[in-house]
Amino acid sequence: MKKLHTLLTYISSNRVWLITLVCLDLFFAFLAWVAYPRDFLNLVELMIFVSFVALVIPFACAIHRRSKIDTAFRRFLLEPDDTNEYLLCESTPASMHPYIHELAHHLRTQLEYVNEQQLKITDYESYIENWVHEIKKPLSLMTLLLDNRKDEMSPLVHTRMLYVRDHTRQNVEQILYFSRLGAAHKDYYFELLPILETCKEAVEDNLSLLEEAHFSVTYSGNNCTAISDKKGFMFILGQIISNSVKYATHDATPAIHFSVSDNKEIGQIVLSICDNGTGIPASDLPFVFDKGFTGDVGSYLSRSTGMGLYLVQQMASDLTIKVDIHSNTNGGTTVILTFPKVERPLGR
């Protein structure tokens, strides 16, 4: 099939010469009919045979030459070194050599630049990962001091230190998960998780943030179970809670509500997380999951990085969780996480 396609391509690219040859054959056939009417058929057969040979031999040579050029060109594109450049020049007409030399120089320059950038990115990722692991040591020490020396500090100082610790820990986790997005191997462990209980656990992990902002936390629905990775799901919940705290209003008591439902019609489990914060402008909703997008509200907050919801969507995609976000009519935001319902655990 490929050879037929190549042949048709050559016929199409040389159609002017083919048409010219056919016209010449018709012209000489007419002359033969006028000059030699008795030998007309023999002369026509001879012309057809000569024309066929004149076509087949050059076409066969051209196709063979084109095959060599294609092979040399593909090797040159994969590795544009001096050897492959020389082999490609040997396979092509001399008129193409200046263009090949220019292309080779450009490809080698770009390849060197790409290799340099890849090396810089690798070094940067290595540095970030090492920094994340190193910063965990003072965080662990802070936790140890807050647990064992609680009596030596005032309740207000203790609460504020817990807030600083949890806020720092969440930022560190965000960096760590971001660095893992491009990893070839991701150590997810899928298991049956009680959704509502996991939400309560996430609230406990971020309790200092919620208490500092005087949040009211409520729950509703059935404690449905879904198969997911607990660390990844906890990270998603932590980012959503952090956003609720970040965009809380002071007009009313900040509140966040977790609701779980089993949608039997679509065979999925739905978790809704609703707060009464500032909400999201309609113009920002299509872009909230874009990397680095802060929007009209976030632009007024110096601590807004535009990475939280981006990481939430990336993590949810890895865990096969559908994420939707809506701005409530009476203020606030609702984040909807939809889990695929699996009847039995994976691997059984």
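Could you give every pair whose Cβ atoms fall below 8 Å, whose first residue belongs to the range 179-192 and is on the phi < 0 side of the Ramachandran plot and at pLDDT 85 or above, and whose second residue is open to solvent by 60 Å² or more (accessible area, probe 1.4 Å) and assigned to a loop (DSSP other than H, G, I, E, B), counting only separations of at least 6 or pairs across chains?
Listed pairs, sorted by first residue: Phe190/Leu346.
Would you check which residues across the range 142-157 are part of a loop (DSSP other than H, G, I, E, B) and in contact with a Leu (Cβ under 9 Å, 6 or more places away or on another chain) and list them?
Within the range 142-157, Met153 is the sole residue that qualifies.
From the set of residues in the range 124-135 that are under 21 Å from the mean Cα position of the chain (by Cα) and not hydroxyl-bearing (Ser, Thr, Tyr), which is least open to solvent (accessible area, probe 1.4 Å)?
Ile128
Suppose the filter is farther than 24 Å from Ala202 by Cα, surrounded by 12 or more Cβ atoms within 10 Å (Cβ to Cβ) and within 23 Å of the chain's Cα centre (by Cα); does Ile121 pass it?
Against the criterion (farther than 24 Å from Ala202 by Cα, surrounded by 12 or more Cβ atoms within 10 Å (Cβ to Cβ) and within 23 Å of the chain's Cα centre (by Cα)), Ile121 does not qualify.
Out of the range 240-291, which residues are among the charged types (D, E, K, R), within 29 Å of Lys341 (Cα to Cα) and more than 26 Å from the chain's Cα centre (by Cα)?
Asp262, Lys264, Glu265, Asp275
Any idea which of Leu139, Leu78, Leu111, Leu107 is surrounded by fewer than 14 Cβ atoms within 10 Å (Cβ to Cβ), in contact (Cβ under 8 Å) with a residue 12 or more places away in the chain and within 35 Å of the chain's Cα centre (by Cα)?
Result of the check over Leu139, Leu78, Leu111, Leu107: Leu111.
Can you name every residue in the range 35-89 that is closer than 30 Å to Leu111 by Cα, part of a loop (DSSP other than H, G, I, E, B) and of a type outside the set (D, E, K, R)?
If the condition is that a residue be closer than 30 Å to Leu111 by Cα, part of a loop (DSSP other than H, G, I, E, B) and of a type outside the set (D, E, K, R), then Pro80 is the only one that fits.
Looking at Leu43, Leu4, Leu21, can you tell me which residue is surrounded by 12 or more Cβ atoms within 10 Å (Cβ to Cβ) and modelled with pLDDT under 80?
It is Leu21.
Considering (1) in contact (Cβ under 8 Å) with a residue 12 or more places away in the chain; (2) over 23 Å from Lys246 (Cβ atoms); (3) open to solvent by 70 Å² or more (accessible area, probe 1.4 Å), say which one Asn148 fails and leave the rest.
(1)
Given the range 205-296, what strands (runs of 3 or more DSSP E) lie entirely inside it while holding 1 or more residues that are modelled with pLDDT under 85 and open to solvent by 30 Å² or more (accessible area, probe 1.4 Å)?
It comes to 255-263.
Which residues, counting only those in the range 81-103, are under 38 Å from the mean Cα position of the chain (by Cα) and of a type in the set (S, T, N, Q)?
Thr83, Asn84
The values are calculated or read from the model by the stated rules, or taken from the named source; none is laboratory data. All of these numbers come straight from a predicted model, not from anything done at the bench. Virtual Cβ from ideal backbone geometry, glycine too; neighbours counted across all protein chains shown. Please note that ligands, DNA and RNA were not included when accessible areas were found on the heavy atoms of the full protein model with its side chains. Shrake-Rupley method; radii C 1.70, N 1.55, O 1.52, S 1.80 Å.
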